[in-house]
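Step one of this worksheet: look at the structure below.
The values are calculated or read from the model by the stated rules, or taken from the named source; none is laboratory data. Computed from a predicted model, the values in this text were never measured in an experiment. Cβ placement follows ideal geometry from the backbone for every residue including glycine, while neighbour counts extend to all protein chains displayed. Quick note on the areas: whole protein, heavy atoms, side chains included, nothing else; ligands and nucleic acids left out. Shrake-Rupley method; radii C 1.70, N 1.55, O 1.52, S 1.80 Å.
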Amino acid sequence: VLADGSPVANVWVNAWSDSQMTGNGAQTDQNGEYRITGLAPASDYRVDIWSETYTYQVYNKKTDWMQADLVDISQADAVNINFNLGSGYSISGRVVDDTGQGVSGVWVNAYSESTGFGKGESTNANGEYTISGLAPASDYRVDIWAEGYVGQFYNGKTDWMQADLVDSTSGSVTGIDFTLSAGVYIEGTIT
């Protein structure tokens with residue numbers, strides 16, 4: 001596993017076979033090398049990487065799990081299943097309450113239908129977040145979840161189909177901010 005020609009350590013590489021309903025994973029070493037062992041023979045392994053920093057990728061240079069080139073280990077081991085990672089882009093912003101105070105521990109998620117991938121991040125003590133390693137896409141739906149507050153998409157929308165899309169095709173995007181709303185509640189007694 002390389003990034004800009006240099007080995008990348010501590011990246012998880014996973015393999016999964018739909019026909020065998022099994023898989024395994026391994027972490028890259030300081031040389032960027034990995035070996036996933038203990039796999040059942042099958043011709044339909046999808047191999048992907050997971051990293052906090054780099055763009056999600058499935059073999060062979062794809063970002064959509066369903067479009068991955070399948071790896072065949074039904075007759076022999078597979079070698080040279082290599083990845084060259086890009087740092088990708090980020091989406092960042094701040095989550096505040098109705099008084100303007102930053103709120104920590106709010107989960108912020110970004111998902112792109114065109115890439116079939118999403119990532120999330122929790123806000124820090126100042127309510128700030130940065131979701132890194134995103135592939136360029138024009139259709140990110142960014143939403144938040146915090147217990148006790150109304151879930152919402154960017155710009156206060158609450159409907160998936162009405163969500164304002166965030167475009168990262170030209171680079172990282174900042175200022176995707178949210179203001180939490182406590183909403184109303186339902187309560188009762190069950191006997």
In region 51-94, what count of residues is obtained for those that are touching a Leu at 6+ places or on another chain (Cβ under 8 Å) and among the hydrophobic types (A, V, I, L, M, F, W, C)?
4
Looking for something assigned to a loop (DSSP other than H, G, I, E, B), at positive phi and open to solvent by 40 Å² or more (accessible area, probe 1.4 Å) - is there at least one such residue anywhere in region 38-56?
yes
Please tell me if Gly188 is touching a residue at least 24 places away in the same chain (Cβ under 8 Å) and farther than 21 Å from Ser92 by Cβ.
no
Can Asn60 be described as in contact with a strand residue (DSSP E or B) (Cβ under 7 Å, 6 or more places away or on another chain) and either in a loop (DSSP other than H, G, I, E, B) or within 14 Å of Ala78 (Cα to Cα) (or both)?
no
Do we have any residue at all in region 107-122 that's touching a Phe, Trp or Tyr at 6+ places or on another chain (Cβ under 7 Å), in contact (Cβ under 8 Å) with a residue 40 or more places away in the chain and either farther than 30 Å from Asp29 by Cα or charged (D, E, K, R) (or both)?
yes
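Matching residues to (1) surrounded by fewer than 17 Cβ atoms within 10 Å (Cβ to Cβ); (2) within 17 Å of the chain's Cα centre (by Cα):
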| position | (1), (2) |
| --- | --- |
| Asn82 | yes, no |
| Gly100 | yes, no |
| Glu113 | yes, yes |
| Leu134 | no, yes |
| Gly188 | yes, no |
1 or more residues modelled with pLDDT under 90 and among the small types (Gly, Ala, Ser): qualifying strands (runs of 3 or more DSSP E) within region 112-191
117-122, 128-134
Meets criteria (within 17 Å of the chain's Cα centre (by Cα) and either hydrophobic (A, V, I, L, M, F, W, C) or closer than 24 Å to Pro136 by Cα (or both)) for Trp107
yes
Here are the criteria: (1) over 30 Å from Ala163 (Cα atoms); (2) crowded, with 17+ Cβ neighbours inside 10 Å. Tell me which single one Ala9 does not satisfy.
(2)
Residue, least open to solvent (accessible area, probe 1.4 Å), within region 22-37, restricted to residues that are part of a loop (DSSP other than H, G, I, E, B) and over 18 Å from Gly5 (Cβ atoms):
Ile36
Please enumerate the residues belonging to region 84-98 that are open to solvent by 90 Å² or more (accessible area, probe 1.4 Å) and within 23 Å of Ile131 (Cα to Cα).
Asn84
